[in-house]
Amino acid sequence: MAHVELADRIKHLPPYLFAAIDRMKQDAVAKGIDLIDLSIGDPDIPTPDHIVEAMKQAVEKAAHHRYPSYEGMLSYREAVSAWYKQRFNVSLEAKTEVLSLIGSKEGIGHIPLAFINPGDVVLVPSPGYPVYPVGTMFAGGEPYMMPLKEENAFLPDFSSIPSDILKRAKLMFLNYPNNPTAANAPVDFFRQAIEFAGKHGIIVCHDAAYSEMYYDNKKPMSFLELEGAKEIGIEFHSLSKTYNMTGWRIGFAVGNKDVIAGLGKIKSNLDSGVFQAIQEASIAALKTDDATLSSIRNIYQERRDAMYEGLKALGLSLNKPGATFYLWAKVPSAFDSSGFVAYLLEKCGVLCTPGVGFGAPGEGYIRFALTQPVSRIKEAVERIKKVL
Ligand SMILES: *Cc1c(COP(=O)(O)O)cnc(C)c1O
């Protein structure tokens, strides 16, 4: 073939943010720089032993070597339902209101295919997880960016969305605790979102990947706790961050049964479910005792405190996160976000993520991920101190 032509839907996509960062990282490592990588939200802590043990036993069972069911084993969906009841006091029908996912990224990327026709609008928080707008565009939809501004506590302002956009809007992504801003949403915001979505006939897809990554014992809520939520939306969850299982690729969607069925229909035509041994291990994960989870949270809390206090002492402007393993800091006024990331990498071998990579309203910020031991975090702060 003389020339391989990409389809329009991928031709003009910006390079996936983390692919570009990976290249910067490889260049730095090739130059022999002792890199402190705080750029990617991938836990450095291993999956807890009892989950690995459950996997070892499950992988030996021949019954798990065959195609799994599309929607997930009933026992896995029941474990999700029991977890929701215990954690949020939300009741879910395992058969109709729970769906397994090959990581929540997979479900988030695919859901627009189930509900979006060409010309339909999807409301997307910005800065935000890049999969929301890209999944929308793959389905022929139009993302409408809802800016998350610091003066609005990083919550979208529904009243600023033009009425012609609202007429075409069919789906909205929300994400709290939020990546990348580390903000959480108060209950009143979720109430407002439910009312707004109900009034305009918009499906709400709440991405709750960080609901278990919280500090100071302040547990984030599920939006499904609120009256009316299950009539209009679903929640995406991931085992990746909660149980240090990013490599295992498993998550779930829960909530409105018609929305769950629509996503399930797309999936049954595209994939063949999650390896059942992984589902067995995930049942063990969902039953993890509080002591194990607290010890993981304590590790992050120590890191958060070291990074927050350190950056604050350097004069950087940032909020102390109540959840997520991110810090969202303003860049000094002499820089833009990409310039500051490149400066820190070059001058002190500390890698973080430029806010603009999460969308234009992220310009002026950088994101640090707390995915290094506290000793390295303290060293990163010391190094930054010398070049500021
Ligand atoms: C990490 C992350 C996810 C997805 O994780 P999976 O590993 O695909 O389950 C989803 N949303 C946000 C905002 C994330 O940061």
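The values are calculated or read from the model by the stated rules, or taken from the named source; none is laboratory data. Note that this is a predicted model, so its numbers are computed, not measured. Note that each Cβ is placed from the backbone with ideal geometry, even for glycine, and that neighbours are counted across all protein chains shown. The accessibility values were calculated without ligands, DNA or RNA, using every heavy atom of the protein model including side chains. Shrake-Rupley method; radii C 1.70, N 1.55, O 1.52, S 1.80 Å.
Quick notes on this structure:
- Residue match in the range 18-36 (condition: within 16 Å of the ligand (Cβ to nearest atom), more than 18 Å from Ala277 (Cα to Cα) and at pLDDT 95 or above): no
- When Gly273, Gly233 are screened for being within 19 Å of the chain's Cα centre (by Cα) and within 16 Å of the ligand (Cβ to nearest atom), only Gly233 passes.
- Leading residue by the ranking (farthest from the chain's Cα centre (by Cα)) among those in the range 316-351 that are hydroxyl-bearing (Ser, Thr, Tyr) and not in a helix (DSSP H, G or I): Ser333
- Highlighted here are the helices (runs of 4 or more DSSP H) found entirely within the range 221-315 that include at least 3 residues which are closer than 30 Å to Val374 by Cα: 276-286, 290-313.
- Residues of the range 266-304 satisfying the condition of being among the charged types (D, E, K, R) and buried (at least 16 other Cβ atoms within 10 Å of the Cβ): Lys267, Glu280, Arg297, Arg303, Arg304
- Subset tally (residues that are crowded, with 21+ Cβ neighbours inside 10 Å and near the ligand (Cβ under 8 Å from one of its atoms)) for the range 246-260: 2
- If the condition is being over 25 Å from Ala285 (Cα atoms) and charged (D, E, K, R), then the range 77-124 contributes only Asp120.
- Consider the range 53-72 and keep the residues that are under 24 Å from the mean Cα position of the chain (by Cα) and closer than 23 Å to Ser211 by Cβ. The one that is least open to solvent (accessible area, probe 1.4 Å) is Gly72.
- Close contacts from the range 286-305, counting a first residue that is closer than 15 Å to Lys219 by Cα and a second that is in a helix (DSSP H, G or I) and open to solvent by 40 Å² or more (accessible area, probe 1.4 Å), with Cβ to Cβ under 8 Å and a gap of 6+ residues or different chains, come to none at all.
- Long-range neighbours under 9 Å by Cβ, at least six apart or interchain, first residue assigned by TED's automatic domain parsing to the domain that holds Ser268 and on the phi < 0 side of the Ramachandran plot within the range 60-83, second among the basic types (Lys, Arg) and crowded, with 20+ Cβ neighbours inside 10 Å: Tyr70/Lys267; Glu71/Arg77; Glu71/Lys267
- Among (1) in contact with an Asp or Glu (Cβ under 9 Å, 6 or more places away or on another chain); (2) open to solvent by 30 Å² or more (accessible area, probe 1.4 Å), the one test that Ser81 misses: (2)
- A Cβ distance below 8 Å, combined with a sequence gap of six or more or placement on separate chains, defines the contacts here; from the range 226-243, residues that are more than 14 Å from Tyr176 (Cα to Cα) and open to solvent by 20 Å² or more (accessible area, probe 1.4 Å) reach residues that are part of a strand (DSSP E or B) and more than 8 Å from the ligand (Cβ to nearest atom) in the pairs Lys230/Gly255; Ile232/Ile203; Ile232/Val204.
- Residue within the range 192-202 that is within 16 Å of the ligand (Cβ to nearest atom) and not assigned by TED's automatic domain parsing to the domain that holds Arg367 present: no
- Among the residues of the range 346-362, those that are open to solvent by 20 Å² or more (accessible area, probe 1.4 Å) and closer than 15 Å to Ile21 by Cα comprise Glu346, Val356, Gly357.
- Test: residue in the range 206-221 that is on the phi > 0 side of the Ramachandran plot, open to solvent by 20 Å² or more (accessible area, probe 1.4 Å) and more than 11 Å from the ligand (Cβ to nearest atom): yes
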